[in-house]
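**Q** For reference, the structure I am asking about is given below.
The values are calculated or read from the model by the stated rules, or taken from the named source; none is laboratory data. Being a predicted model, the structure only gives us computed values, none of them experimental. Here the Cβ positions follow ideal geometry from the backbone for every residue, glycine too, while neighbour counts run over all protein chains shown.
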Amino acid sequence: MVKICCIGAGYVGGPTMAVIAVKCPAIEVVVVDISKPRIDAWNSDKLPIYEPGLDEVVKACRGRNLFFSTDVEKHVAEADIIFVSVNTPTKTRGLGAGKAADLTYWESAARMIADVSKSDKIVVEKSTVPVKTAEAIEKILTHNSKGINYQILSNPEFLAEGTAIEDLFKPDRVLIGGRETPEGRKAVQALKEVYAHWVPEENIITTNLWSAELSKLAANAFLAQRISSVNAMSALCEATGANVSEVSYAIGKDSRIGPKFLNASVGFGGSCFQKDILNLVYICECNGLPEVANYWKQVIKINDYQKSRFVNRVVSSMFNTVSGKKVAILGFAFKKDTGDTRETPAIDVCKGLLGDKAHVSIYDPEVTEDQIQRDLAMNKFDWDAYEATKGAHAVCILTEWNQFKELDYQKIFDNMQKPAFVFDGRNVVDAEKLREIGFIVYSIGKPL
Ligand code: NAD
Ligand code: UGA
């Protein structure tokens, strides 16, 4: 029986390993983490992350061939294939602070693998890492190897939160990079066989290590760049009377552009887009490519611009002050179908409004009150959208939860101060219908 161990039971480690376990009953999969509360939650009825379809997958194989444990060293020592899916945040101090990836967690995982291993291992980079990381990992492992053979593979993850299970069941592609040596090719083949249990062979791409590592950063940069492009257009739409949804539809009909990922918004969020682009910028700078670095930096600048443009629009529309006014925030997660708030644009928008002395009142179906307190150092959470909007001067929609389309806006309007404003940062509501009720509606990239 092949044994897999995954270090890091987070948004990536948990769902990816659960799907491997459910699709490969003959493989034993153990997910380990240094965080006891996280592992306890994975072993409980309330999983640590909200992800549609995840509960069913975990229930189907937990205790059968899927296990969650804090006994990191034991399971690493026993495994044939070790996935490393620890966090790789942006460095906050020292060389490259604010841009470079912080590989502290990765390095400590690698050193631990070297310490406890007694048999040959395939070590898989699942975390998103700078191109050339495998070389550093290889050095750490081989310099401490005690004669053990390590093969490093890059197998970046492309799942998106909110659709993780769907994405893992039917990935557009699985990417595996390895050394171009006989041992390297053998390791690539071994990992390929795991995925081949459910992914069609033509969707499993194999490349050299550096292409695989860089492709992950490139994919996220391209995706984020599309959003900044459409968000830049949204500003021009507002200035000219064009409608960004019509523009997106029209350009997306071009098969070379394609219709997906062209929704204008209050800005992209999530734990990865900004971090990975900053990392890419840093790598470009280190390689003496300032023009390339500046090109990608602009994607983040437009995103920051979009968030502050939204705040400015709210304040200027409400007679240049929100001081003392209640502003209801509908949606705090960085996108729908997740409770994740990492880098959510809602944090910047709320901070902007609080800076102008607004009283904000937040409702999100999946984000907890504790989380909002950690993100904003304030305690203004409501358990339902009607409570949050009661007595408010304005409503800001910051996450595209489906339920926000179906709210009783007449009831909301009746309980609000007048004039009642709606600032739709996700273009989820029917602005015309709301205007008929009496709201003043601002939708991103659309005529007033
Ligand atoms: P996360 O913070 O949710 O999970 C990481 C886990 O690793 C944490 O639970 C932490 O306790 C654990 N950990 C850290 N160091 C450890 C160690 N030495 N030993 C054992 N456990 C350790 O992070 P995530 O969102 O799952 O992201 C992980 C990686 O995957 C990142 O590099 C990220 O860029 C990448 N990624 C994330 C997504 C996503 O949707 N979140 C998608 C694709 C790729
Ligand atoms: C993104 C990528 O889509 C994944 O392929 C990748 O694996 C992952 O990052 C990662 O490396 O972490 P994720 O951040 O979970 O996934 O979610 P996305 O659906 O990409 O959304 C990111 C942000 O962009 C959200 O705030 C979302 O609301 C925003 N967005 C997305 C838009 O504003 N407009 C769009 O058209 C699409």
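**Q** When the residues of the range 40-91 are narrowed to those that are charged (D, E, K, R) and under 19 Å from the mean Cα position of the chain (by Cα), which ends up modelled with the lowest pLDDT? Before you say what the answer is, go through the steps one by one.
**A** Step one: filter the range 40-91 for residues charged (D, E, K, R), giving 40, 45-46, 51, 55-56, 59, 62, 64, 71, 73-74, 78, 80, 91.
Add one more test, that the residue is under 19 Å from the mean Cα position of the chain (by Cα), and what stays is 51, 91.
Numbers: Glu51: 97, Lys91: 94.
For the range 40-91, the residue satisfying everything is Lys91.
**Q** Return yes or no: is Gly94 part of a helix (DSSP H, G or I), modelled with pLDDT of 95 or more and either surrounded by fewer than 22 Cβ atoms within 10 Å (Cβ to Cβ) or within 25 Å of the chain's Cα centre (by Cα) (or both)? If you could, list the steps in order and put the result at the bottom.
**A** Numbers: part of a helix (DSSP H, G or I): no; modelled with pLDDT of 95 or more: yes; either surrounded by fewer than 22 Cβ atoms within 10 Å (Cβ to Cβ) or within 25 Å of the chain's Cα centre (by Cα) (or both): yes.
No; evaluated as a whole, the condition is false for this residue.
**Q** Taking the condition charged (D, E, K, R), out of contact with any Pro (no Cβ under 6 Å at 6 or more places or on another chain) and crowded, with 20+ Cβ neighbours inside 10 Å, does Asp370 pass? Don't jump to the end; show me each part of the working.
**A** Values: charged (D, E, K, R): yes; out of contact with any Pro (no Cβ under 6 Å at 6 or more places or on another chain): yes; crowded, with 20+ Cβ neighbours inside 10 Å: no.
Against the criterion (charged (D, E, K, R), out of contact with any Pro (no Cβ under 6 Å at 6 or more places or on another chain) and crowded, with 20+ Cβ neighbours inside 10 Å), Asp370 does not qualify.
**Q** Could you please find all residues in the range 77-109 being near ligand 1 (Cβ under 9 Å from one of its atoms), in contact with a strand residue (DSSP E or B) (Cβ under 8 Å, 6 or more places away or on another chain), closer than 18 Å to Val31 by Cβ and not small (Gly, Ala, Ser)?
**A** Val84, Val86, Thr88, Trp106
**Q** Of the residues Thr163, Thr142, Thr90, Thr133, which single one is farther than 17 Å from Gly184 by Cα, of a type in the set (Val, Ile, Thr) and either more than 16 Å from ligand 2 (Cβ to nearest atom) or in contact with a helix residue (DSSP H, G or I) (Cβ under 7 Å, 6 or more places away or on another chain) (or both)? I'd like the intermediate steps shown before the answer.
**A** On the way: Thr163 fails: either more than 16 Å from ligand 2 (Cβ to nearest atom) or in contact with a helix residue (DSSP H, G or I) (Cβ under 7 Å, 6 or more places away or on another chain) (or both); Thr142 fails: farther than 17 Å from Gly184 by Cα; Thr133 fails: farther than 17 Å from Gly184 by Cα.
The conditions single out Thr90.
**Q** Then there is this: Confirm whether Ala377 is on the phi > 0 side of the Ramachandran plot, more than 19 Å from the chain's Cα centre (by Cα) and of a type in the set (A, V, I, L, M). Quick ask: steps written out before the conclusion?
**A** On the way: on the phi > 0 side of the Ramachandran plot: yes; more than 19 Å from the chain's Cα centre (by Cα): yes; of a type in the set (A, V, I, L, M): yes.
In short, yes.
**Q** Sticking with this one: Tell me, which strands (runs of 3 or more DSSP E) wholly within the range 353-448 include 1 or more residues that are hydrophobic (A, V, I, L, M, F, W, C) and over 27 Å from Ile49 (Cα atoms)? If you could, list the steps in order and put the result at the bottom.
**A** Values: elements: 359-363, 394-397, 421-424, 440-443.
Ranges flagged: 394-397, 421-424, 440-443.
**Q** Looking at the range 16-31, which of its residues are within 16 Å of ligand 1 (Cβ to nearest atom), within 22 Å of Glu161 (Cβ to Cβ) and either of a type in the set (Val, Ile, Thr) or surrounded by fewer than 24 Cβ atoms within 10 Å (Cβ to Cβ) (or both)? Steps first, please.
**A** Restricting attention to the range 16-31, the residues satisfying the condition of being within 16 Å of ligand 1 (Cβ to nearest atom) are 16-20, 29-31.
Going one step further and asking which of them are within 22 Å of Glu161 (Cβ to Cβ), we end up with 16-20, 29, 31.
Within the range 16-31, Thr16, Val19, Ile20, Val29, Val31 meet the criteria.
**Q** If you don't mind, there's one more thing I want to ask. Every residue in the range 159-183 that is farther than 11 Å from Asn208 by Cβ and in contact with an Asp or Glu (Cβ under 8 Å, 6 or more places away or on another chain), please.
**A** The answer is Leu159, Ala160, Glu161, Gly162, Thr163, Ala164, Ile165.
**Q** Exactly one of these conditions fails for Gly184: (1) buried (at least 19 other Cβ atoms within 10 Å of the Cβ); (2) small (Gly, Ala, Ser); (3) within 23 Å of Val123 (Cβ to Cβ). Give me its number.
**A** Here Gly184 clears every test but (1).
**Q** So, one more: Determine, yes or no, whether Phe381 is surrounded by 14 or more Cβ atoms within 10 Å (Cβ to Cβ) and modelled with pLDDT under 95.
**A** Working: surrounded by 14 or more Cβ atoms within 10 Å (Cβ to Cβ): yes; modelled with pLDDT under 95: yes.
Against the criterion (surrounded by 14 or more Cβ atoms within 10 Å (Cβ to Cβ) and modelled with pLDDT under 95), Phe381 qualifies.
**Q** Could you please let me know if Leu175 is surrounded by 17 or more Cβ atoms within 10 Å (Cβ to Cβ), within 16 Å of ligand 1 (Cβ to nearest atom) and of a type in the set (A, V, I, L, M, F, W, C)?
**A** In short, yes.
**Q** In the set Tyr282, Tyr295, which member is more than 12 Å from ligand 2 (Cβ to nearest atom), aromatic (Phe, Trp, Tyr) and touching a Gly at 6+ places or on another chain (Cβ under 6 Å)?
**A** Numbers: Tyr295 fails: touching a Gly at 6+ places or on another chain (Cβ under 6 Å).
Exactly one of Tyr282, Tyr295 is more than 12 Å from ligand 2 (Cβ to nearest atom), aromatic (Phe, Trp, Tyr) and touching a Gly at 6+ places or on another chain (Cβ under 6 Å), namely Tyr282.
**Q** Give the residues of the range 306-324 that are in contact (Cβ under 8 Å) with a residue 60 or more places away in the chain, surrounded by fewer than 21 Cβ atoms within 10 Å (Cβ to Cβ) and in contact with a helix residue (DSSP H, G or I) (Cβ under 9 Å, 6 or more places away or on another chain), sorted by residue number.
**A** If the condition is that a residue be in contact (Cβ under 8 Å) with a residue 60 or more places away in the chain, surrounded by fewer than 21 Cβ atoms within 10 Å (Cβ to Cβ) and in contact with a helix residue (DSSP H, G or I) (Cβ under 9 Å, 6 or more places away or on another chain), then Arg309, Arg313 are the ones that fit.
**Q** Let me ask something additional. Can you pull out every residue in the range 1-15 that is at pLDDT below 95 and either crowded, with 21+ Cβ neighbours inside 10 Å or under 20 Å from the mean Cα position of the chain (by Cα) (or both)?
**A** None - no residue of the range 1-15 is at pLDDT below 95 and either crowded, with 21+ Cβ neighbours inside 10 Å or under 20 Å from the mean Cα position of the chain (by Cα) (or both), so the list stays empty.
**Q** Hey, can you tell me all the residues within the range 97-106 that are without any contact (Cβ under 8 Å) to a residue 12 or more places away in the chain and in a loop (DSSP other than H, G, I, E, B)? So that I can check it myself, show each step before the final result.
**A** From the range 97-106, those without any contact (Cβ under 8 Å) to a residue 12 or more places away in the chain are 97, 104; that's our starting set.
Selection gives Ala97 alone.
**Q** Let me ask you something else. Every residue in the range 110-145 that is on the phi > 0 side of the Ramachandran plot and either of a type in the set (Val, Ile, Thr) or buried (at least 23 other Cβ atoms within 10 Å of the Cβ) (or both), please. Full working, then the answer.
**A** At the first step, the residues of the range 110-145 found to be on the phi > 0 side of the Ramachandran plot are 132.
Matches in the range 110-145: none.
**Q** So, one more: Given the options Lys146, Lys170, Lys132, Lys126, name the one that is within 12 Å of ligand 1 (Cβ to nearest atom) and either over 25 Å from Leu103 (Cβ atoms) or of a type in the set (D, E, K, R) (or both).
**A** Just a single option satisfies the conditions, and that option is Lys126.
**Q** Within the range 213-269, work out how many residues are within 16 Å of ligand 1 (Cβ to nearest atom), assigned to a helix (DSSP H, G or I) and of a type outside the set (Asp, Glu). Working first, answer last.
**A** Start the filter on the range 213-269 by keeping residues that are within 16 Å of ligand 1 (Cβ to nearest atom), which leaves 213-224, 227, 261, 268-269.
Checking which are assigned to a helix (DSSP H, G or I) leaves us with 213-224, 227.
Narrowing the set further to residues that are of a type outside the set (Asp, Glu) leaves 214-224, 227.
Here the count works out to 12.
**Q** Among the residues of the range 418-428, is there at least one that is over 19 Å from Val314 (Cα atoms) and either buried (at least 17 other Cβ atoms within 10 Å of the Cβ) or in contact with a helix residue (DSSP H, G or I) (Cβ under 8 Å, 6 or more places away or on another chain) (or both)?
**A** So in the range 418-428, the residues over 19 Å from Val314 (Cα atoms) come out as none.
Taking every residue of the range 418-428 in turn, none turns out to be over 19 Å from Val314 (Cα atoms) and either buried (at least 17 other Cβ atoms within 10 Å of the Cβ) or in contact with a helix residue (DSSP H, G or I) (Cβ under 8 Å, 6 or more places away or on another chain) (or both).
**Q** Can you list the helices (runs of 4 or more DSSP H) found entirely within the range 1-82 that contain at least 2 residues being farther than 20 Å from Arg342 by Cα and charged (D, E, K, R)? Walk me through it before giving the result.
**A** Numbers: elements: 13-23, 36-42, 54-61, 72-78.
Output list reads 36-42, 54-61, 72-78.
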